[in-house]
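The values are calculated or read from the model by the stated rules, or taken from the named source; none is laboratory data. Only a predicted model underlies this, so the values are computations on that prediction, with no experimental measurement involved. Quick reminder, even Gly has a Cβ in these numbers, built from the backbone with ideal geometry, and neighbours come from all protein chains shown. Only protein heavy atoms, including side chains, enter the accessible area calculation; ligands, DNA and RNA are left aside. Shrake-Rupley method; radii C 1.70, N 1.55, O 1.52, S 1.80 Å.
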Amino acid sequence: MNFFLQTPPLFRVLTFLAAFILLVSLFSGQLAPYDPYATDPQLILKPPSAEHLLGTDNYGRDILSRILAGGKTSIFAALFIILIAGSLGSLIGLLSGYYRGRMDAMLMRVTDIFQAFPDIVLAIAVAGVLGGGLVNAILALIVTTWTQYARIARSAAIAAREETYIQAARLSGCTDTSILFEHILPNIAGPLVVTAVLHVSSMMMGLAGLSYLGIGVQIPAAEWGAMISEGQKYLQQAPWAALAPSAVMVAVMMVFNMFGDQLRDLLDPKMREKRV
């Protein structure tokens, strides 16, 4: 607690905002004023009002309720993607950097193959082959994301394996598994955590992009990209249908990007001194 109070005020504010966003998304079902999937022909494309703060869409559904429901899908899907991709990539990078030799060459060649394609192109290709849907969109984004963690973990593991404390651990009889996960991983976790936080907005954008193209979350499921895709058809008639989810998504992405930047500066003394 004392450490948190000693952090910069902006970091504390952004931590509060990020936690608030996660809590609102988690309890979106209880906070939504209406059923996000309930249609009403009499309320089609109604402008913002006291009853519907952000208006209604082309099926008469309350946009605020759908944004709250969509936040749960968008944000927690992004966190799940980062968890799986980060764990897989970090494990591959650790093994590659620690053992070197043939294992390093083989794993890095596989990584190079995946990195040879632009992320969004590869994600579209994978999602297109697998078909639409949230699960397939998540798998597509995992395929395009794990390589970044593998590169970071490999570089850090190569440097860490030559440190004195690793040599001492070997001499004391520690197994390779113990050295990897009890000594090296905790000491290289900082860059991986910062990368994960900065990737939250990227994964949200990737998922929204796939949904916008029709190969991600499928209509009528509530998800910000799908809502923007559906609402942009009525941009002149009812701009709030597309602008409201767009504004919320941009605001959330800005919070997580700024939080990641502050966290990076906090964990990197050189960056902190440069800011000062």
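Of all residues in the range 137-150, count the ones that are in contact (Cβ under 8 Å) with a residue 60 or more places away in the chain and either among the aliphatic types (A, V, I, L, M) or surrounded by fewer than 20 Cβ atoms within 10 Å (Cβ to Cβ) (or both).
6
State whether the residues of the range 159-177 include one that is at pLDDT 85 or above, under 30 Å from MET254 (Cβ atoms) and part of a helix (DSSP H, G or I).
no
Pick out the one residue from PHE11, PHE20 that is over 30 Å from LYS233 (Cα atoms), among the aromatic types (Phe, Trp, Tyr) and free of Cβ contacts under 8 Å to residues at least 40 places away in the same chain.
Among PHE11, PHE20, only PHE20 is over 30 Å from LYS233 (Cα atoms), among the aromatic types (Phe, Trp, Tyr) and free of Cβ contacts under 8 Å to residues at least 40 places away in the same chain.
Going by the structure shown, is GLY132 open to solvent by 10 Å² or more (accessible area, probe 1.4 Å), of a type in the set (Gly, Ala, Ser) and outside any helix (DSSP H, G or I)?
yes
When you look at ILE215, is it open to solvent by 10 Å² or more (accessible area, probe 1.4 Å) and outside any helix (DSSP H, G or I), yes or no?
Judged against the criteria, ILE215 is a match.
Give all pairs with beta carbons closer than 8 Å in which a residue from the range 114-132 that is more than 25 Å from PRO220 (Cα to Cα) meets a residue that is of a type outside the set (Ser, Thr, Tyr) and open to solvent by less than 60 Å² (accessible area, probe 1.4 Å); count only pairs at least 6 apart in sequence or on separate chains.
These pairs meet every condition: PHE114/LEU122; PHE114/VAL143; PHE114/TRP146; PHE117/ALA125; ASP119/GLY206; LEU122/ALA140; LEU122/VAL143.
Please tell me if PRO245 is more than 25 Å from VAL197 (Cα to Cα) and either modelled with pLDDT of 90 or more or open to solvent by 30 Å² or more (accessible area, probe 1.4 Å) (or both).
The answer is no for PRO245.
Condition first: within 22 Å of the chain's Cα centre (by Cα) and basic (Lys, Arg). Now tell me which residues in the range 147-164 satisfy that.
Within the range 147-164, ARG151, ARG154 qualify.
Does the range 38-63 hold any residues that are more than 22 Å from LEU210 (Cα to Cα) and either open to solvent by less than 40 Å² (accessible area, probe 1.4 Å) or touching a residue at least 40 places away in the same chain (Cβ under 8 Å) (or both), and which are they?
Within the range 38-63, LEU45, PRO47, PRO48, HIS52, LEU54, GLY55, THR56, TYR59, GLY60, ARG61, ASP62 qualify.
Go through (1) under 20 Å from the mean Cα position of the chain (by Cα); (2) at pLDDT below 90; (3) over 23 Å from GLY132 (Cβ atoms); (4) surrounded by fewer than 18 Cβ atoms within 10 Å (Cβ to Cβ) for PRO186 and report which single condition fails.
Only one criterion is unmet by PRO186, namely (1).
VAL126: of a type outside the set (Lys, Arg), under 20 Å from LEU198 (Cβ atoms) and open to solvent by less than 50 Å² (accessible area, probe 1.4 Å), yes or no?
no
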